[in-house]
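Only one structure is covered here, and it is reproduced in the block below.
Since every read-out is calculated from the coordinates, none of them should be taken as a lab result. Keep in mind it's a predicted model, so treat the numbers as computed, not measured. Note: ideal-geometry Cβ built from the backbone for every residue, glycine included; neighbour counts use all protein chains shown.
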């Protein structure tokens, strides 16, 4: 009996050690990250390896797409509508040659919602610049400044116009040339006249700005270049208004330049 009692503590120690080893093993299994199945291939394996990064990037893309949809289909159309309502009154003033009112606004007008103070092109361009109407307001503001001898401001507004209308786009460029000519910057004016002539080539704006470019060459005493442009107008735009007295222009530069 005494021998049996002495053996029991040894067995208990061994049993306890086995229990501790099993518990330790279980803890390691719980705390160890789940290994990626080596049998996975291609995209599935790539996803399992990088799923945190993929989920983060995917969420970011979804957010960007959502913002784009809201901007394009909700926010921007609402701004376009507001700008169109405002520019109506400024255009009316412009058509009546009330250039200061068209530019600055301030006049009381009657609308369906009641009386209000109209915006001028200057304010519309500032508040609705992201819209197509806001871009057009820059063009109108530039013309108003040109007509009221604010040549530097005219250039500033006209350079902000980035539309591509068949007529307005070349006229905006050509009017920058006009403003520079008024500032006695003949070289700058010539550059814009030539650019305007080639912008959306047509039978109205192209010969108009070609003639202005030829005149700029005359001011620089470059009669050979002026002659070349006048002859181009005669050949390519013979039915335009600019071609009516083109023979006189040709004769004049030939005489002045001994050509």
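Observations
- Added length on full extension, which subtracts the Cα-Cα distance from 0.36 nm per residue, residue 232 to residue 195: 11.7 nm
- Largest-first principal axis extents of the Cα set of segment 146-228 (Å): 34, 28, 16
- For 206, 117, 148, order by how many other beta-carbon atoms lie within 10 Å, fewest first: 117, 148, 206
- Förster radius 22 Å - calculated FRET efficiency between residue 149 and residue 98, Cβ distance, rounded to 0.05: 0.90
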